[in-house]
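> Supplied in structure tokens, the structure appears directly below.
The values are calculated or read from the model by the stated rules, or taken from the named source; none is laboratory data. Bear in mind the structure is a predicted one, so any value in this text is a computation, not a measurement. Positions of Cβ are backbone-derived with ideal geometry, glycine not excepted, and every protein chain shown enters the neighbour counts. For the accessible areas, the whole protein counts, side chains as well, though only heavy atoms, and no ligand, DNA or RNA atoms are used. Shrake-Rupley method; radii C 1.70, N 1.55, O 1.52, S 1.80 Å.
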Amino acid sequence: MNNIKEIVVVSGKGGTGKTSVVGALASLLTNRVAADCDVDAANLHMILNPVVIEEKAFIGGKKATIDLSRCTGCGTCREVCRFQAISEGYVVDHRQCEGCGACYFLCPAGVVDFSSSYAGSCYICRDKYSAPLVYAELLPGEENSGKLVAMVRNEARSLAEKSGTPLVIVDGPPGIGCPVISSMTGVHVAVVVTEPTISGVHDLERIIDLAQFFKCKTAVVVNKGDVNPDYCKRIEEYSTTKGCTFLGVIPYEPRITEAQIRATTILDVAPDSPTSEIIRVIHKKLLTILEEL
Amino acid sequence: MPVRVWDAGREEEAGWAEGPSGLLKNASALSVEKDRPTREVLPASSKNVRSAEPRWYGRRQDRSMNIVIASGKGGTGKTTIAVNLAYFLARSGQVVQYLDCDVEEPNGHLFLKPRIESQVSATVMVPTIVEKKCNFCGECSTKCQYNALVSLPGIPPLVFPGLCHGCGLCIHVCPENAIAEDKRKIGRLEKGVGLENISCVHGVLNVGEAMAVPLIRKVKDCGLDNCVHIIDAPPGTACPLVATIGDADLAIMVTEPTPFGLHDLSIAVSVAEKLSIPLGLVINRDTNHFPPLERYIEKHSLDVFTRIPEDRRIAEHYSKGDIIISALPEYTSRIHDLVSSMERVSGTTIIGGAV
Ligand code: SF4
Ligand code: SF4
Ligand code: SF4
Ligand code: SF4
């Protein structure tokens, strides 16, 4: 367990091409377990093309339901619910319900049911490089409290332990909220994939702060670098002053879409393209970072 | 609890009641006038129309409209569409408010460039234990659903504020009345007036803070009466999206013709359908023909509001924080198409109709 290293690839802002980069790196890193923690919009399996070996149910948070036939209409539950989830007719709106249990514990008549239900699945797979992949799918609109992310990471780690694999590479969710926090806690290296745009720069600062909050070693990759070379430079300077390793600049690659459509990585579609070159360089640099840990 | 209240008087002062002043004089340069859609309500005709009756007045007292721009997958151009739509509507004389609910990474203000007039801390409640009164019974920690309280023998429970949802249950269950409450800051709200007098509100979640949903609710609480709210939704398809889209009158899903785009779109569409929100699509970077997306659209009888081609100049202007229809006026007609389609689907007029 102690020797397993975890790399998480994050982006802050969505759509920077993070998953395509993870897919390409995963194809180069042969001795690894891949984990897709972007559970409400999982995409990595669409590149790694896995065979599912095992499906595990994810049980979500609890929600309250009032048994109207026995409810006395005393109104206690509506008073204590801070999330305006209970209607005047004492029907719980599950979209609003935070699952805090206040109505359940405080209903004098004891007519509130408080239970959890199936909220998604976690898949343990073997991908097309015959390496393990773990990914999950949350049911649409379910609460993404980070618990499913934690489940994916735990499954990935235990696969790595069982098979003696030294490395887990995690495709992280966008943003900086609970799923991201859950995917970052305790990892060794955070690779931030950003883009040279005003939004990309803005979000980069926040995601680097988050990574440093968790004390992970942070490295930065700029994707679509030629769209705005000026911002690209600024990102490189900013990352260095923040003490991050700058891994490189990937040019805008129109064939990325083709790779997605063919369900594979850019390395397979255009092995000689500048993009593939740089990804191989980034792969080498990452290995060096891992050795130095 | 906003420090500053937008009152009608101030709106009048800012010229909002009469529609945008100042820059409107240059509107011809943008050819908004000639692009202006007709005022009459288009007939609800095809199967594509998801909601024929105007829902616009139903859910709220005032006459405002909530238009949510969502995407499922991040980076499909959601913010680009949202800011350009807001800008177009404001230029056409509509009173527009931009509510950025992407509190983890708010970006709309980088384009609409509001001058920030007020900054308000956003807080949630968190318990504090009155140690003198506590008898270490552990009631509170066994009932808390989020493990935010941990009891150890012989000492008052420890509070983990980052895990607390502020539900107040522990206060109710404590037999000794030993729990009080305090405010905890989770982020801030920033408000200001941006380009074309668009009133802008965005929430900024503190780094390391997990509670996005309470902040999203606070951003939405800042909605002004009697105007069009352009709401930039967070990426993803889980609870933050539900919190944002729950009371929308119309959802615009921005997608791109790629396998990832389609996969995430289909999840976001099913969220909107579950909540019975009328919706339409914007297909961005629409260059390569991607048959699975077209098949999906047909199978689900979805409405495509507009398509934006792949254009490197859009990416370059976006990277600098420009409004696309201002920098590349030829795209104004695409946003015009979007507005016309929105009017058709919502069965109501948006430009000039609301106020
Ligand atoms: S569980 Fe909590 S949030 Fe849900 S209805 Fe009951 S009191 Fe409200
Ligand atoms: S507290 Fe219980 S009995 Fe009272 S209104 Fe609510 S559900 Fe009904
Ligand atoms: S307020 Fe609710 S979530 Fe917070 S500690 Fe008390 S019971 Fe737990
Ligand atoms: S319920 Fe009240 S008395 Fe009991 S441990 Fe909690 S704070 Fe102390």
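> How much accessible surface area, in Å² rounded to 10, belongs to the heavy atoms of A:Tyr135 with a 1.4 Å probe?
My reading of the accessible area for A:Tyr135 is about 20 Å².
> Looking at the range A:55-102, which residues lose a minimum of 40 Å² of accessible area between their chain alone and all protein chains in place, measuring with a 1.4 Å probe and not counting ligands or nucleic acids?
Relative to the lone chain, where solvent access is computed with a 1.4 Å probe, the range A:55-102 loses at least 40 Å² at A:Arg82, A:Phe83, A:Arg95, A:Glu98, A:Cys100.
> Please calculate how many Å² of accessible area chain A carries per residue, with a 1.4 Å probe and no DNA, RNA or ligand atoms counted.
On the way: 11540 Å² over 293 residues.
Counting only protein heavy atoms, the per-residue value for chain A is 39 Å².
> I'd like the distance between the alpha-carbon centres of the range B:81-114 and the range B:302-324, rounded to an integer number of Å.
Spelled out, the Cα-based centre of one part sits 15 Å from the other.
> Would you kindly calculate the translational diffusion coefficient of the range A:110-201, applying Stokes-Einstein with the Kirkwood radius from alpha carbon pairs, for 10 °C and a viscosity of 1.306 mPa s, and quote it in µm² s⁻¹ without decimals?
This corresponds to a translational diffusion coefficient of 103 µm²/s.
> Let me ask something additional. 7 Å from Cα along Cα→Cβ at both A:Ser116 and B:Glu117: what's the point-to-point distance in nm?
Roughly 4.6 nm, to one decimal.
> In peptide A:204-210, what is the residue-averaged number of other protein chain Cβ atoms found within 10 Å of each Cβ?
Mean partner-chain Cβ count within 10 Å for A:204-210: 3.
> For the range B:271-355, just run the numbers: alpha carbon Rg, then divide by 2.2 N^0.38 Å, N being how many residues it has.
Working: Rg = 15.0 Å, N = 85, 2.2 N^0.38 = 11.9 Å.
Here the answer is 1.26, to two decimals.
> Under the Karplus relation 6.51 cos²θ - 1.76 cosθ + 1.60, θ = phi - 60°, what is the ordered set of whole-Hz ³J(HN,Hα) values for the range A:46-59, x standing for Gly and Pro?
6, 9, 7, 6, x, 9, 6, 9, 8, 10, 10, 6, 9, 9
> Looking at the P(r) of the range A:136-293, how many percent of alpha-carbon pairs lie beyond 23 Å? Display every interim value, and only then the final one.
Values: 5792 of 12403 pairs.
Beyond 23 Å sits 47 percent of the P(r) for the range A:136-293.
> Still on this model: To the nearest 0.05, what FRET efficiency results for A:Arg126 and A:Lys215 with a Förster distance of 45 Å applied to their C-beta separation?
So, using R0 = 45 Å, E works out to roughly 0.85.
> Please compute the Cα-Cα pair-distance distribution of the range A:61-118 with 5 Å bins starting at 0, giving whole percents from short to long.
It works out to 4, 23, 37, 25, 9, 2, 0, in whole percents.
> Among A:Gly200, B:Ala248, B:Gly77, pick out the residue whose Cα is farthest towards the positive end of the charge dipole of the protein assembly as shown, where Lys and Arg carry +1 and Asp and Glu carry -1 on C-beta, about the Cα centre.
Checking the options against the dipole of the protein assembly as shown, the answer is A:Gly200.
> Mind grabbing the accessible area of B:Arg307 for me, 1.4 Å probe, Å², rounded to tens?
Approximately 80 Å² for this residue.
> Tell me the accessible surface of A:Ile278 in square angstrom (1.4 angstrom probe, heavy atoms of protein chains only), to the nearest ten.
40
> Now for a separate question. List the residues, sorted by chain then number, that are 5 or more residues from A:Ala64 or on another chain and whose placed amide H is less than 5 Å from its amide H.
A:Gly99
> Normalized C-alpha radius of gyration of the range B:124-185, against 2.2 N^0.38 Å? List each step's numbers first, then the result.
On the way: Rg = 10.3 Å, N = 62, 2.2 N^0.38 = 10.6 Å.
That works out to 0.97 for the range B:124-185.
> Sort B:Ser64, A:Ser116 by accessible area with a 1.4 Å probe, largest first.
A:Ser116, B:Ser64
> Calculate the dipole size of the protein assembly as shown relative to its Cα centre from +1 charges on Lys and Arg beta carbons and -1 charges on Asp and Glu beta carbons; express the result in debye to the nearest 20.
560
> Anyone know which of A:Thr264, A:Thr194, A:Thr241 comes out most mobile in the 10 Å Cα GNM of chain A?
Of the options given, A:Thr241 has the highest mean-square fluctuation.
> So what's chain A giving for Rg/Rh, alpha carbon basis, Kirkwood Rh from the mean inverse pair distance?
On the Cα set of chain A, Rg over Rh gives 1.07.
> Assign unit charges at the C-beta atoms only (+1 for Lys and Arg, -1 for Asp and Glu), then state the dipole size of the range B:124-185 relative to its Cα centre in Debye, rounded to the nearest 20.
The dipole of the range B:124-185 has a size of about 160 debye.
> Let me ask something else about it. When the helix-only estimate is applied to the protein assembly as shown (DSSP H runs of n ≥ 4, each -39,500 (n - 2.57), divided by the residue count), what is the mean residue ellipticity at 222 nm, nearest 500 deg cm²/dmol?
Mean residue ellipticity at 222 nm (helix-derived): -9500 deg cm²/dmol.
> If you don't mind, another one. Mind checking the angle between helix A:274-292 and chain A's longest principal axis? C-alpha axes, 0 to 90 degrees, to the nearest 10.
With rounding to tens, the tilt is 70 degrees.
> Kindly sort A:Arg153, B:Arg344, B:Arg184, A:Arg262 by accessible area of their heavy atoms, largest first, with the probe set to 1.4 Å.
In descending accessible area the options line up as A:Arg262, B:Arg344, B:Arg184, A:Arg153.
> Hey, another quick one. Let me confirm one metric for peptide B:155-165, namely the mean number of other chain beta-carbon atoms within 10 Å of its residues' beta-carbons.
1
> From the backbone phi of the range A:101-116, what are the Karplus-calculated ³J(HN,Hα) couplings (6.51 cos²θ - 1.76 cosθ + 1.60, θ = phi - 60°) in whole Hz, Gly and Pro given as x?
With the stated coefficients, the range A:101-116 comes to x, 4, 5, 5, 6, 9, 5, x, 8, x, 10, 9, 8, 9, 8, 9 Hz.
> Where does helix A:198-213 land angle-wise versus the long Cα axis of chain A, in degrees 0 to 90, nearest 10?
Taking Cα atoms only, the helix is inclined about 80 degrees.
> Going from most exposed to least, what order do B:Cys227, B:Cys239 have by accessible area with a 1.4 Å probe? If you can, show how the numbers build up before the last one.
On the way: B:Cys227 0, B:Cys239 30 Å².
The ordering from most to least exposed comes out as B:Cys239, B:Cys227.
> Residues of A:15-21, mean number of Cβ from any other protein chain within 10 Å of their own Cβ, rounded to a whole number?
Values: counts 11, 2, 2, 2, 2, 1, 0.
Going residue by residue through A:15-21 and averaging, the value is 3.
> Given that compact globular proteins tend to follow 2.2 N^0.38 Å, what is the ratio of the alpha-carbon Rg of the range A:83-162 to that value?
Ratio of Rg to 2.2 N^0.38 Å for the range A:83-162: 1.56.
> Carbon and sulfur atoms: what percent of the 1.4 Å accessible area of chain A do they account for?
51
> Which three semi-axes in whole Å describe the equivalent ellipsoid of the range A:153-203, each the square root of 5 times a Cα gyration tensor eigenvalue, listed largest first?
On the way: eigenvalues 150, 29, 11 Å².
Equivalent ellipsoid semi-axes, largest first: 27, 12, 7 Å.
> Quick one: Karplus J couplings for the range B:240-257, per residue in order, coefficients 6.51, -1.76, 1.60, θ = phi - 60°, nearest Hz, x for Gly and Pro?
x, 5, 4, 4, 7, 8, x, 10, 6, 8, 7, 10, 10, 9, 9, 9, 10, x
> What residues have an amide H closer than 5 Å to that of A:Glu6, excluding those fewer than 5 places away on the same chain, when H is modeled at 1.01 Å from N in the peptide plane?
So A:Glu6 has HN proximity to A:Val168, A:His188, A:Val189.
> Output the 0 to 90 degree angle, nearest 10, between the alpha-carbon long axis of helix A:147-163 and the longest principal axis computed from the alpha carbons of chain A.
For A:147-163 against chain A, the angle is about 50 degrees.
> Quick one: buried accessible area between A and B, total over both chains, 1.4 angstrom probe, nearest 100 Å²?
Chains A and B together bury approximately 4900 Å².
> Tell me, what is the percent relative contact order of the range A:61-118, built from C-alpha pairs under 8 Å that lie six or more residues apart?
The normalised contact order for the range A:61-118 reaches 51 percent.
> Collect residues whose amide H, placed 1.01 Å from N in the peptide plane, falls under 5 Å from the amide H of B:Thr123; neighbours closer than 5 in sequence don't count.
The answer is B:Ile186.
> Taking one equal scatterer on every alpha-carbon of the range B:239-308, how large is log10 of I(q)/I(0) by Debye at q = 0.18, 0.23, 0.26, 0.27 1/Å?
These q points yield log10 I(q)/I(0) values of -0.65, -1.02, -1.24, -1.32.
> Right, something else. From the Cα trace of the protein assembly as shown, what convex hull volume per residue do you get, rounded to a whole Å³?
Measuring per residue, one finds 168 Å³ for the Cα hull of the protein assembly as shown.
> Let me ask something additional. Distance between the C-alpha centers of the range B:205-253 and the range A:5-79? Whole Å please.
Here the two parts' Cα centres lie 20 Å apart.
> Continuing with this model, one more query. Evaluate the relative contact order of chain A (contact order divided by residue number), counting alpha-carbon pairs under 8 angstrom at least 6 apart; express in whole percent.
26 percent.
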